[in-house]
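The values are calculated or read from the model by the stated rules, or taken from the named source; none is laboratory data. Source: prediction; values computed, not measured. Cβ placement follows ideal geometry from the backbone for every residue including glycine, while neighbour counts extend to all protein chains displayed.
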Amino acid sequence: MPNSVSASVSNSDSAHYGPQLGDAEFDFIRHVVGENAGIVLGPNKRQLVQGRLARRLRELGLPSYESYCNYLRDAGPEELVGLINAITTNVTSFFRENHHFEALASYMLPEAMKRNSGSRRVRIWSAGCSTGEEPHCIAMVAGEVLPSSPRYDFKILATDIDSDVVAAATSGIYPLDRMSSVSPERLKRSFQKGSGEHEGCAVAKHDLKSMITFRTLNLLHAWPMKGPFDVIFCRNVMIYFDQPTREKLVNRFSEMLAPGGYLCIGHSESIHAGSAPFKLVGKTIYRRNGGANG
Ligand SMILES: C[S@@+](CC[C@H](N)C(=O)[O-])C[C@H]1O[C@@H](n2cnc3c(N)ncnc32)[C@H](O)[C@@H]1O
């Protein structure tokens, strides 16, 4: 981390109320976030960073971004969590980019069942799961596709760098007004009506929750799991990284996938042909080379 940070304030910010994020503090925060989370904050992200960190300053009772940067430097890894939780973009929704869930039902899960007919082990990773809508959708689809008897050893690993969203995801509780894209049949099968403090919410049923393990994990760090996974969802995450980081990550995903397994990425993301052992087989769906289908 750079050692000294001066309190400079740009003219364009001075019109806003509250502490202003100066050039040096913005550069320092961009550097720390880039180094530790891989998230690239371009020069046009100053207002976004200021807005997202304003609450953190209030929580810590700090009067300025200069004092926050000094605090961050002194607290080290402890405050890194607070910084990253504040900075990440966690936008998500149920059945976002629904074609991935349709593909999951129509061929990804059936192929995985066939490939793993001996072990009956099927594994899916939701990497960058945010508040958990994505892994809960995977679980709903799997509940419809996998036979209940004899049971498959089916598990979803759902990870995110942001410990706040992981905590929210683990609760499995969602306001009903955020669930309009979940069909009434699915809602009824997989959720129950919340009551008391959860009035107006849907609460994931045990069967659904038990398929998912939520963990905090920085995709840039070492991964504790061995794999192989049959499908990896890493959607709308790599968009925040620079190209070398994306390429490295895609190669690491390929090593975690079973031959013939699938990687689903976000609508505005792509994998460069030849940079990893993947073939584009559908809209933002990549199949790892090898396995029964070549
Ligand atoms: C826009 S959300 C995408 C959520 C979901 N995958 C979807 O497509 O709806 C991006 C998520 O990536 C997470 N993220 C960003 N950098 C990360 C990193 N280095 N390691 C793990 N997760 C990261 C953020 O915390 C955020 O929750």
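Things worth noting here:
- Strands (runs of 3 or more DSSP E) wholly inside the stretch 207-279 containing at least 3 residues that are at negative phi and surrounded by fewer than 21 Cβ atoms within 10 Å (Cβ to Cβ): 212-216
- Residue pairs whose Cβ atoms lie under 8 Å apart, sitting 6 or more positions apart in sequence or on different chains, and linking a residue in the stretch 141-165 that is farther than 23 Å from H100 by Cα to a partner that is more than 16 Å from the ligand (Cβ to nearest atom), are P150/R120; R151/R120.
- Residues (at pLDDT 95 or above and either among the aromatic types (F, W, Y) or part of a loop (DSSP other than H, G, I, E, B) (or both)) located in the stretch 280-294: K283, T284, Y286
Condition check ((1) closer than 30 Å to H221 by Cα; (2) more than 16 Å from the ligand (Cβ to nearest atom); (3) part of a strand (DSSP E or B)) across all residues:
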site	(1), (2), (3)
T131	yes, no, no
P147	no, yes, no
P150	no, yes, no
L157	yes, no, yes
V166	yes, no, no
A169	yes, no, no
R189	no, yes, no
Q192	no, yes, yes
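- Condition met for S119 (away from the ligand (no atom under 13 Å from the Cβ), more than 23 Å from V281 (Cβ to Cβ) and either free of Cβ contacts under 8 Å to residues at least 12 places away in the same chain or hydroxyl-bearing (S, T, Y) (or both)): yes
- Residues being part of a loop (DSSP other than H, G, I, E, B), touching a helix residue (DSSP H, G or I) at 6+ places or on another chain (Cβ under 6 Å) and either of a type in the set (S, T, N, Q) or over 25 Å from L219 (Cα atoms) (or both) - total across the stretch 25-64: 1
- Any hit, the stretch 62-83, residues being at positive phi, buried (at least 20 other Cβ atoms within 10 Å of the Cβ), touching a residue at least 40 places away in the same chain (Cβ under 8 Å) and under 18 Å from the mean Cα position of the chain (by Cα): no
- V40, sole failed condition from (1) aliphatic (A, V, I, L, M); (2) out of contact with any Asp or Glu (no Cβ under 6 Å at 6 or more places or on another chain); (3) within 15 Å of the ligand (Cβ to nearest atom): (2)
- Any hit, the stretch 83-101, residues being more than 15 Å from the ligand (Cβ to nearest atom) and not hydroxyl-bearing (S, T, Y): no
- Residue satisfying all of: in the stretch 105-116; more than 23 Å from T159 (Cα to Cα), touching a strand residue (DSSP E or B) at 6+ places or on another chain (Cβ under 7 Å) and part of a helix (DSSP H, G or I); nearest to the ligand (Cβ to nearest atom) among these: E111
- Single unsatisfied condition, N85 versus (1) part of a loop (DSSP other than H, G, I, E, B); (2) under 21 Å from Y240 (Cβ atoms): (1)
- Boolean, C137 is without any contact (Cβ under 8 Å) to a residue 60 or more places away in the chain, within 13 Å of the ligand (Cβ to nearest atom), in the same structural domain as I239 (by TED's automatic domain parsing) and not basic (K, R): yes
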